Each structure stands twice: as structure tokens, then as C-alpha cells.
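I have placed the structure first, in the form of C-alpha cells, so that the comments after it can refer back to it.
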Amino acid sequence: MKIIYITLGESVINTHGVNMPKHIISGLKYLATVELRKKGHNQREIAEELGMDRSTVSHYLNGRNVSWNSIEIAEVIKNTCPKDFLTLTYALLKDEDKTRTIIKTCLDKKYVCKVKNSCIGCGICVDACMMNSIVLDDLKARIDPYWCCGCLICVEMCPTNSIEIKEVEVDGNNRND
Amino acid sequence: METTEMIEGKDISVERTGAEDRKLKFKNELCGSCGLCEKICPVTAIEVNPTGAMVRTEQDASKIEIDESKCVLCGMCSSICPYDALDLEIEGKSIKELEEYPKLIKSSEIDDEACIYCKACETACPPGAITIARELPDRSKLVSGEIEIDKETCVKCGICEEMCPADAIELDYKFPTSDDPTIASDINVDKDKCVYCLVCKKACPVDAIKAVCRICSYGDYDIKAEDSEIIGNSDIDAETCVNCGWCEDICPVDAAKVTKPFEGKVTIDEETCQGCETCVMACPCNALSFPESAESGDVEDKLHIDEKYCIYCGACERACPVNAIDVERTKINCTPIKSKSWEKAFESVKD
């Protein structure tokens, strides 16, 4: 087995050691479980959305069956930039739908998404967006800010530099102003 | 998401798999080397190989090259191509069928009601896209008369057979024998072939043929109109048709109607033109030609263009090694463009 070290702030994830990917996954799912509960989802809904059984959801909500170290690393992953959070989570889960749920649940940031008229409608952003937040409308990309996680993968890949994404305060003020 | 390129012979396809599968297909045979795809490509992924070299020499290469690392499969090249050599498919469906993509308005039609099936368009059509199938009336139904050979008087000389323009008379030749000292056993007229021209009657040295043309004597009252009808049908192969207007112009009965994708103007600088003929060879529409002087010593134009046949694609301009040709597109006939960037891109190929 290849040992991979990913440096994340102060922590080091050693995929060969204690923090096996599934432990980190449980940490991420723990964070999502807590957030979903806060948003009023019941245990059955949470279990369905994250692909767990209800007893695990119940354990997580009672702070059991999850190592505090895993949660700590999950917190570190969550606090990396959105692109790293997204790509790491997907690399661990290998499931687009669950990745989307976790990112959407844990990421409490808001974005304004602007597509300039120079967009040629090539659809590269549609293909690239792991959050499925982009569609083409009359040969122009349209980004649903609700699903945008701010990873900026679309911005990087756009051949005509037509996408602008800015983080705004949750109250709606532009943080970049 | 991955972009891959496949080359089959001289045809190219670039494919991207992802949320929706996109495939750009290039058919070398249809390409006119006009360079509009290269001009409109927003990511400079297309390079058109030198037109002159392509038309003057045998080349193994495709007329264009697509860099799959640059191509974003937006479809602009496919939308502007006047020769339909490029086609972008999204989820297996050509963007020519998708409402949101602009399409060039171009068409060529032959009205079968008006067409007389003379085949002028078939002969003139530069890409050979027109097929005229016609069924001619039975010749025997267009003539009327009587003919009879008096076999007793006939000496079987064969003069009538030799002179008959319709090959209607046949003698059964034989070698004369002592028991039957004749040179032919029989002579017959095929009345389906005979046109009652009376040449045989006039030529016969022994006046053995009695023949009369009823039409000469009484007019064609006994010819039925339906018997002289020419049945046919015309077909324009939409894929290879370049909408150049040759059929419309050459048709003697105005049965062909052509809508061209571009409007514009071509200017030839006679001073600069060296008469190398590359443009003449490159033009997919046969709009250019070298006039032949009527008499030696007459000075004609070096190069002749008839814009009736030109679609302003710019292939000649690209082909000219000395930049003696200027093709200006003033209007692009296309369906409404909703996207600002596409509108700008279409504008950019006017010049």
C-alpha cells in the first residue's frame, strides 16, 4: 500500500496509519449529521441522505462511535479552501451525491455567481462542476448559487474566462468589497 | 471529463464525455478549405492546412487540423461551416436540430412541377450533387404512318437498311445456293423503330417501298398528349450541395431556387494576380474561371468571377499566394442568435 501524506494545516493525514479513509469519512459524516440535525432533518432523513443506518445517526448525534481524532481531521478538511474540501471529500467517498450533500450541509458560505456575455456555451463548466450547479441556457452557462460551493473549478477551466464567483457574507454583503 | 481525438482516414472526430457527451465530426470530403472555422474558433484549436497545397497536390493530410487539447466543443465551427463539413453532436443529436444554436439559412430546391429534366443543372453542379432521372416517351408513339415493302419487287440490295436512320429495316442475309439463288431470305421493317422519314422509299432503286407519314399529311392529330410526356424526378443531395446557385442560374425554366448563406463582394486585384489558377482550383462553387481569348492577341481579364455562383466563403482569398483576392462578407443569413458571444463571433467572420 502506498503511503500518502496530505498536509492540511497542522494535521497530517497518514492514510496508512490510524486515520484510514473510512475514519475520516465517518468524521465528515458526523459533521454533516450534526448540521442536518440543526437544520431540522430527522434521523431517518439524515440516514437516507448520507447513506448510513439510523442507529449510526443516533450514535453520532449522541457523540458515540466516532473517534474525536477523526472529527478533528474532518474539521480541518472542512476548513480548507472549498476546492480542497470538495475534491478531498469526493476522493474519500467516491460518491457524487453524498459528496454534494456533505459539502452543501457543512459549507456555510454564500456566493454570487456571474457569467459574462463572453460565455460561448461550450459546457466545460457543466461537465466540471461536481456540485451540478451549472446548466446551459441559450448557449450561456447559468450557475445556481444555492448549489455553488465556491470551488472555482469552473472559473479555472472556462476557456473564455467568463465566470466570476465571489463569496458574500451570509447576510448578503460582498466580502470582497 | 475527457477530450479525445480520433482520425479515420482524413476524417476527424473530437469527443468529450461528461455531463453530456459532445462529439465534433469533420468530414474531409465536404470541406471547402474556406477557413471560416479557423476564423471563428474562440480557442484557436483549428488550423486549416494551406489551401493551395491541398488543391494542387495529392495530400495525405486532412484539410484541417483540430487540436483536441484546445477544442472546447462549443460548436461555433459547425454552425458557421457553409459546407456542413463540421458537425457537433450533443448526446448524439446534431446542433443543427437544436433550437438554441444558430444555423445558416441556405437551401437549394428544384421544383419538379416546373422541371423539364433537361439535365443542365446536373451537368453544371460543381459538387455533382444533382441527379436527374428521366423516362423518355416511346418514340413509336410520337410518329404515325404506314410502311410496306413489296417483297416481290425488292431485290434485297440492302440500301434501305444502310440508309435507315432509325435502324428499323433488317434483312436476313444468306449465301446464294443453286437451289435458292438469292442473297437474303427476307426483309422486314420494325414498326416500333420506324419514324416514317421516307428515306428508304426515296433511296430504293426498284421502288419496292410504299411509305407515308401521316403527320406530314394530316398534322399530329393522332398523337396523344400523354404519350409524349417526359416523366422524371430531380434530387439534390443536401450533404454535398454547396448552394452556389449554378442550378438556379442555368435552369432554362426557373425550376431551381437557391438561398445562399452569405452575402458579400469579391474584389480581384488584376495588377497583383499572377494567373496561377490556384483560386480557380480551390473554389468549391466554380465561380472563378480563366477566360479564353477569342482570337490570339486579344487581351482578356486575367481572372473572371461571376458572383452569381459565389457564396463568399473565402476559399479563393485563402488560396491566393499573392493576396490578389479580397472576399468581403456583408451579411450572414442565419437563424436568430440569442447568445451575445455567438453574435459577436458571427460578426467577426464578416470582413
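The values are calculated or read from the model by the stated rules, or taken from the named source; none is laboratory data. Please read these numbers as outputs of a predicted model, since none were measured by experiment. Here Cβ is always computed from backbone atoms with ideal geometry, including for glycine, and neighbour counts include all displayed protein chains. Surface areas here come from the heavy atoms of the whole protein model, side chains and all, with no ligands, DNA or RNA. Shrake-Rupley method; radii C 1.70, N 1.55, O 1.52, S 1.80 Å.
A few comments on the model shown:
- For peptide B:73-84, the mean count of partner chain Cβ atoms within 10 Å of a residue's Cβ comes to 2.
- Diffusion constant of chain B at 20 °C, which comes from Stokes-Einstein with the Kirkwood Cα-pair radius and 1.002 mPa s, µm²/s: 85
- Within the accessible area of the protein assembly as shown (1.4 Å probe), percent carbon and sulfur: 48
- Over all other residues within a Cβ to Cβ distance under 14 Å of A:Asn65, the charged ones net out to +3, with Lys and Arg as +1 and Asp and Glu as -1.
- Rg and Dmax over the alpha-carbon atoms of region B:270-351 stand at 16.2, 57 Å.
- FRET efficiency for B:Cys276 and A:Trp147, using Cβ-Cβ distance with R0 set to 60 Å, rounded to 0.05: 0.50
- The mean number of Cβ atoms from other chains found within 10 Å of a Cβ in peptide A:131-140 is 4, as a whole number.
- Environment charge of B:Lys174, counting only residues whose C-beta is closer than 11 Å and scoring Lys/Arg +1, Asp/Glu -1: -2
- When chain B is treated as a Gaussian network with alpha carbon springs shorter than 10 Å, the biggest mean-square fluctuation among B:Asn286, B:Asn323, B:Asn243 belongs to B:Asn323.
- Once both labels are positioned 7 Å from their Cα atoms along Cα-to-Cβ, the gap between B:Asp306 and A:Met20 label points is 8.3 nm.
- Comparing B:Glu248, B:Glu109, B:Glu58 in a Gaussian network model of chain B where C-alpha atoms under 10 Å apart are linked, the largest mean-square fluctuation is found at B:Glu58.
- D_trans [Stokes-Einstein, Kirkwood Rh over alpha-carbon pairs] for region A:110-169, 20 °C, 1.002 mPa s, µm² s⁻¹: 193
- Highest to lowest packing among B:160-173, B:35-48, B:180-193, scored as the average C-beta count within 10 Å: B:35-48, B:160-173, B:180-193
- 17 Å cut-off, amide nitrogen to a point 7 angstrom out along B:Val322 Cα→Cβ, residues in region B:285-309: B:289-291, B:300-305
- For region B:140-225, convex hull of alpha carbons as volume per residue, Å³: 85
- Accessible surface buried by the B/A pair amounts to about 1400 Å², both sides summed, 1.4 Å probe.
- Summed side-chain charge close to B:Leu36 - residues other than B:Leu36 whose Cβ falls under 10 Å, Lys, Arg +1, Asp, Glu -1: +2
- Net length available on complete extension from B:Asp179 to B:Ile116 is 16.9 nm, with 0.36 nm assigned per residue and the Cα-Cα distance removed.
- Once you reduce region B:38-86 and region B:240-283 to the center of their Cα atoms, the two points are 22 Å from each other.
- Entry comment: accessible area of chain A is 53 Å² per residue, from protein heavy atoms only and a probe of 1.4 Å.
- Acute angle (nearest 10 degrees) that the helix A:68-78 long axis makes with the longest principal axis of chain A, alpha-carbon atoms: 0
- Separation of the B:Asp190 and B:Thr267 label points, Cα + 7 Å toward Cβ, nm: 6.4
- Shape index of region B:3-97: Rg/Rh, with Rg the Cα radius of gyration and Rh the Kirkwood radius from the inverse mean 1/r over Cα pairs, equals 0.95.
- The Cα atoms of the protein assembly as shown cover 129, 63, 46 Å along the three principal axes, with the biggest extent listed first.
- Here the Gaussian network model covers chain B, with springs between Cα atoms less than 10 Å apart; of B:Ser69, B:Ser289, B:Ser140, B:Ser140 fluctuates the most.
- Extension gain, B:Asp222-B:Thr335: 0.36 nm per intervening residue step, less the Cα-Cα distance, totals 35.2 nm.
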